[in-house]
Structure formats: C-alpha cells, structure tokens
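Trainee: What follows is a single structure, and I will ask about it in a moment.
The values are calculated or read from the model by the stated rules, or taken from the named source; none is laboratory data. The structure displayed is predicted, hence computed values, not measured ones. With ideal geometry, Cβ positions are generated from the backbone for all residues, glycine too; neighbour counts draw on all protein chains shown.
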Amino acid sequence: MRQVRLAKDAMDRDWADPGLDLDAVAAHAGYSRFHFIRAFREAYGETPGQYLTHRRIERAEEMLRTANLSVTEICHLVGFSSLGTFSARFKAWTGLPPSEYRDKHVGRGAALIPGCYAMLWAGGFRTAPGSARRNSEEAG
C-alpha cells in the first residue's frame, strides 16, 4: 500500500506533466501496470487514469475561474495534449464545456489574473533545449 500511496503522491505533484503516464507511475510504485491499476482502484476507488484526469480537471476549473487564459492554453497547462479530449472530459466531469463553465463562474467585473502571470506560475513558458544557449550566442 505504501508504494501505491507514493505513486499517488507523484501524480499529485506532477499532474501537469503531459509525459506522466501509467507505465511511469506504475514503475514508480514498483508494480506492473496491470497490478498497479488493480491496487490503485482498490485503495482509492478509481483507476490511476481517472484520478489523474480528475486532478487535471480540478486545476483547469480553478484556472478558468481565475486566469485570463484561453481554453487551449489551459488545456495544455494542465497536461492534456488534445483540446478535443480535454473539452470532452471537462464536460463529462463538470456538466459544462470549458467556455460555458468560465462564463457561468466568473462574475461580472471580476478581475482575472493576467495570462502572463498565470503562465509563469504554471510553468507554461518553456524553452526548447539549447534555445537559451542560442539566444545568448546571438546576443553576443
């Protein structure tokens, strides 16, 4: 059970990483993927994939209510690589598409966090490997 809890902690910590997949989490726990799915479901009542999706949707809900970012930007920040998948799962979880959720939950006149701050906080400004070196070489 300790290994499953550690794997859940890893999902809680790295939920936004689009590279976080079942095989990596199962390996973190020291289980095969199929044994890990069974152990996780027994411990938490849902599969690891369902749990990770719910964590990401919860974060997306928060960003939709507070940050001045597009739905596409939020989709990628919370770890989804497909806007269609994100929108479908978001609607299944909340009952509303992301844009309608924002319209319903953001009060009139509410000040949203500027997108640049939200992106910086969420780690959305990523550079390609070697780009910092290239930029410094071009400047010098």
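Trainee: Determine, yes or no, whether Leu64 is within 28 Å of Pro98 (Cβ to Cβ) and touching a Gly at 6+ places or on another chain (Cβ under 8 Å). Full working, then the answer.
Mentor: Working: within 28 Å of Pro98 (Cβ to Cβ): yes; touching a Gly at 6+ places or on another chain (Cβ under 8 Å): no.
So Leu64 does not fit the description; no.
Trainee: A follow-up question, please. How do the pairs read when you match residues in segment 83-103 that are among the basic types (Lys, Arg) with residues anywhere that are surrounded by fewer than 17 Cβ atoms within 10 Å (Cβ to Cβ), using Cβ under 7 Å and keeping only pairs 6 or more apart or on different chains?
Mentor: Lys91/Pro97
Trainee: Continuing with this model, one more query. Taking Glu73 as the residue in question, decide whether it is under 13 Å from Pro98 (Cα atoms) and part of a helix (DSSP H, G or I). So that I can check it myself, show each step before the final result.
Mentor: On the way: under 13 Å from Pro98 (Cα atoms): yes; part of a helix (DSSP H, G or I): yes.
For Glu73, the condition - under 13 Å from Pro98 (Cα atoms) and part of a helix (DSSP H, G or I) - is met.
Trainee: Got at least one residue in segment 51-58 being surrounded by fewer than 15 Cβ atoms within 10 Å (Cβ to Cβ) and at pLDDT below 90? Steps first, answer last, please.
Mentor: First, pick out the residues of segment 51-58 that are surrounded by fewer than 15 Cβ atoms within 10 Å (Cβ to Cβ): 54, 58.
Adding the requirement that they be at pLDDT below 90 leaves none.
No; the residues of segment 51-58 include none that is surrounded by fewer than 15 Cβ atoms within 10 Å (Cβ to Cβ) and at pLDDT below 90.
Trainee: Sticking with this one: Within segment 9-67, which residues are basic (Lys, Arg) and closer than 20 Å to Thr94 by Cα? Step through it out loud before you land on a result.
Mentor: Filtering segment 9-67 for residues basic (Lys, Arg) gives 13, 33, 38, 41, 55-56, 59, 65.
If the condition is that a residue be basic (Lys, Arg) and closer than 20 Å to Thr94 by Cα, then Arg55, Arg56, Arg59, Arg65 are the ones that fit.
Trainee: How about segment 7-48: which of its residues are in contact (Cβ under 8 Å) with a residue 40 or more places away in the chain and among the hydrophobic types (A, V, I, L, M, F, W, C)?
Mentor: Ala7, Met11, Trp15, Ala16, Leu20, Ala43
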